[in-house]
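Colleague: One structure is given below, represented as structure tokens, and several questions about it will come after.
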Amino acid sequence: MSSVAGPGIDTVRRLLRERLPASAIVTEPAEVAAQSRLWNSQVKAMPAVVVHCRTVADVQAAVRAARSAGVPVSVRGGGHDWAGGAIVDGGVLIDLRAMRQVGIEGDVAAVAGGATVSDVLDAARPYGYAAAVGTVSSVGFAGLTLGGGYGTLIGVVGLGVDNLLSAQVVLADGRVVIADPHREPELFWALRGGGANFGVVTELRTRLHPMATVTTGLIAFPMDQARSVLRGWRSLVASACDALDVMFGVMTTPAGKVVFTSPTWSGDPARGVEQMDAVRALGDPVIDDVGHRALADAVHSLDEVFPYGGNYHLSSRTLAELTDEAIDSFIAAAESMPATCCLNVHHSHGEATRVLATDTAYPYRDEHLVIEILGAWPDGDGTIESAWVHDTEKRLEAHAIPGGWANLMAPGDQRVRDAYGINTERLAQAKASYDPEGVFTAIPLPTAPDTTNT
């Protein structure tokens with residue numbers, strides 16, 4: 001890891017020691033390096049100081065000290081920011097991992113800024129509830145939610161942003177504000193899709209749903225059936241209930257490369273077998289592992305596939321529909337895929353499509369698919385895997401809509417110019433209003449269109 005300690009570091013260390021317990025401040029380089037490791041080991045940046053925050057007051061003190069000393073700030077929640085935005089070289093890292101509390105208040109969860117998907121589901125399960133979450137247990141709940149929040153309950157509960165009720169945010173001047181439909185409504189709008197680009201989000205309040213247990217699992221088919229399986233998937237979801245979500249993709253198993261489906265039925269449990277049978281009928285399953293399971297357990301299914309501390313290169317493309325031509329390109333990418341890599345496809349449908357594009361900063365409200373291109377390698381330099389990611393991007397580009405999911409964009413990705421569509425100018429204005437000096441950097445944001453010559 002590298003670290004470029006700029007001017008102001010001695011000052012910020014002094015200010016932090018004046019305002020926080022010594023145990024909360026890490027400055028020794030080897031320990032800083034150890035505590036700055038993220039999910040993606042390819043992130044090499046290293047801060048000069050790590051601040052372990054346990055309270056909102058700690059976060060305020062860290063922000064104010066860094067701002068007074070002119071030292072850049074970054075924020076770590078779950079640590080799954082694959083592109084490295086959670087770490088600024090030579091800056092102050094505000095580490096929220098000690099703030100993982102989840103309180104359940106009826107059908108609402110109060111989620112601290114460092115909590116993971118697993119923390120939220122584990123807290124909600126005893127009450128018979130679940131939240132709008134993704135498919136990997138260790139992902140930070142705040143980052144997932146604020147960036148959009150695709151998950152297996154999407155058809156009946158919508159995106160993560162659609163379930164956000166309020167957010168507590170520490171702004172660049174150290175003030176704490178609550179953003180909801182009535183207090184700081186413009187900030188609340190921007191957070192729902194614009195990510196944590198406006199301040200340190202120390203707590204979210206999110207709506208829960210009585211779906212702690214669902215019918216879910218894995219049904220996979222031989223690779224030589226890929227074309228018929230994907231065409232069958234297209235026909236199946238065209239008439240399926242909102243409660244049936246069928247993610248799909250390609251991965252390599254001990255038995256070889258397979259086209260997998262990950263169906264989730266969140267409707268009447270009595271209809272679970274019927275729904276799974278419809279997925280089985282897409283081909284001749286070589287893996288069939290579905291059942292009535294707690295969502296809190298199901299999110300651990302990929303823990304070993306994408307372990308913390310691995311090497312990753314991620315990307316995505318968003319498609320309006322799965323045409324025959326897109327299927328051909330998808331299969332071509334799958335056939336050339338290295339064994340350690342994966343393709344995973346989210347289907348946005350049902351409740352997520354019943355929200356206006358301008359109601360939240362996240363604009364993709366027509367039915368669509370997000371193809372995650374997941375390059376991974378346990379060792380080596382990743383040249384082959386990264387080349388496959390780039391080749392797959394090119395294969396899918398002809399079928400993709402402009403822009404895409406900013407949560408899987410790296411800094412400098414030119415697609416961000418179109419990622420927020422009709423909401424671009426409003427989002428840029430919110431950034432200018434709440435963080436005019438650009439203190440906070442999370443997922444990529446576009447700049448406002450230049451209208452000086454129009």
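Colleague: Can we say MET247 is of a type in the set (A, V, I, L, M, F, W, C), within 19 Å of GLY155 (Cβ to Cβ) and out of contact with any helix residue (DSSP H, G or I) (no Cβ under 7 Å at 6 or more places or on another chain)?
Modeller: Yes, satisfied.
Colleague: Hey, among ASP379, ASP366, which residue is free of Cβ contacts under 8 Å to residues at least 60 places away in the same chain, out of contact with any Pro (no Cβ under 7 Å at 6 or more places or on another chain), assigned by TED's automatic domain parsing to the domain that holds MET223 and not in a strand (DSSP E or B)?
Modeller: From the options ASP379, ASP366, the qualifying one is ASP366.
Colleague: Of the conditions (1) within 23 Å of the chain's Cα centre (by Cα); (2) surrounded by 20 or more Cβ atoms within 10 Å (Cβ to Cβ); (3) of a type outside the set (D, E, K, R); (4) more than 27 Å from SER137 (Cβ to Cβ), ALA326 satisfies every one except a single condition; which number is it?
Modeller: Unmet condition: (1).
Colleague: Right, something else. Could you tell me whether any residue of the range 64-85 is among the hydroxyl-bearing types (Ser, Thr, Tyr) and closer than 17 Å to GLY113 by Cα?
Modeller: yes
Colleague: Which one of these does VAL200 not meet: (1) assigned by TED's automatic domain parsing to the domain that holds VAL133; (2) under 22 Å from GLY151 (Cα atoms)?
Modeller: (2)
Colleague: Also: Can you pull out every residue in the range 267-308 that is in contact with a helix residue (DSSP H, G or I) (Cβ under 9 Å, 6 or more places away or on another chain), under 12 Å from VAL246 (Cβ atoms) and in contact (Cβ under 8 Å) with a residue 60 or more places away in the chain?
Modeller: VAL279, LEU282, VAL290
Colleague: OK, next. For a quick check of your reading: which helices (runs of 4 or more DSSP H) sit entirely within the range 32-151 and have at least 3 residues that are more than 21 Å from PRO444 (Cα to Cα) and touching a residue at least 12 places away in the same chain (Cβ under 8 Å)?
Modeller: 56-69, 117-124
Residue-by-condition table, conditions (1) more than 10 Å from VAL279 (Cβ to Cβ); (2) among the small types (Gly, Ala, Ser); (3) at pLDDT below 95; (4) surrounded by 23 or more Cβ atoms within 10 Å (Cβ to Cβ):
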| position | (1), (2), (3), (4) |
| --- | --- |
| THR216 | yes, no, no, yes |
| ARG227 | yes, no, no, no |
| ARG231 | yes, no, no, no |
| SER235 | yes, yes, no, no |
| ALA243 | yes, yes, no, no |
| GLY249 | yes, yes, no, no |
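Colleague: Here's something else I'd like to know. Look at the range 107-138 and say how many of its residues are surrounded by fewer than 23 Cβ atoms within 10 Å (Cβ to Cβ) and either modelled with pLDDT of 95 or more or among the aliphatic types (A, V, I, L, M) (or both).
Modeller: Counting residues in the range 107-138 that are surrounded by fewer than 23 Cβ atoms within 10 Å (Cβ to Cβ) and either modelled with pLDDT of 95 or more or among the aliphatic types (A, V, I, L, M) (or both) gives 13.
Colleague: Does ARG175 satisfy being surrounded by fewer than 19 Cβ atoms within 10 Å (Cβ to Cβ), on the phi < 0 side of the Ramachandran plot and of a type outside the set (A, V, I, L, M, F, W, C)?
Modeller: Yes.
Colleague: I want to confirm something. Restricting to the range 184-201 and keeping residues that are without any contact (Cβ under 8 Å) to a residue 60 or more places away in the chain and either touching a helix residue (DSSP H, G or I) at 6+ places or on another chain (Cβ under 8 Å) or under 14 Å from THR360 (Cβ atoms) (or both), which single residue is surrounded by the most Cβ atoms within 10 Å (Cβ to Cβ)? Give the derivation first.
Modeller: Just the residues of the range 184-201 that are without any contact (Cβ under 8 Å) to a residue 60 or more places away in the chain, to begin with: 184-185, 188.
Among the residues that remain, those that are also either touching a helix residue (DSSP H, G or I) at 6+ places or on another chain (Cβ under 8 Å) or under 14 Å from THR360 (Cβ atoms) (or both) are: 185, 188.
Values: PRO185: 11, PHE188: 23.
That would be PHE188.
Colleague: Here's another thing I want to ask about it. Report yes if PRO222 is at pLDDT below 95 and more than 30 Å from ALA179 (Cβ to Cβ), otherwise no.
Modeller: No.
Colleague: Something else about it: Only residues in the range 10-31 that are of a type in the set (A, V, I, L, M, F, W, C) count as the first member; pair them with residues that are at pLDDT below 95, Cβ under 6 angstrom, at least 6 apart or cross-chain, and list the lot.
Modeller: Listed by first residue and then by second, the contacts come to VAL26/GLN35.
Colleague: Please determine, by comparing only the residues of the range 277-292 that are in contact with a Gly (Cβ under 8 Å, 6 or more places away or on another chain) and buried (at least 17 other Cβ atoms within 10 Å of the Cβ), which one is nearest to VAL117 (Cα to Cα).
Modeller: Among residues in the range 277-292 that are in contact with a Gly (Cβ under 8 Å, 6 or more places away or on another chain) and buried (at least 17 other Cβ atoms within 10 Å of the Cβ), the one nearest to VAL117 (Cα to Cα) is VAL290.
Colleague: Quick check: anything in the range 23-36 closer than 27 Å to PRO411 by Cβ, at pLDDT below 95, surrounded by 22 or more Cβ atoms within 10 Å (Cβ to Cβ) and outside the structural domain of THR202 (by TED's automatic domain parsing)?
Modeller: yes
The values are calculated or read from the model by the stated rules, or taken from the named source; none is laboratory data. Small disclaimer: the values here were computed from a predicted structure and weren't measured. Cβ: placed from backbone, ideal geometry, glycine included. Neighbour counts: every protein chain shown.
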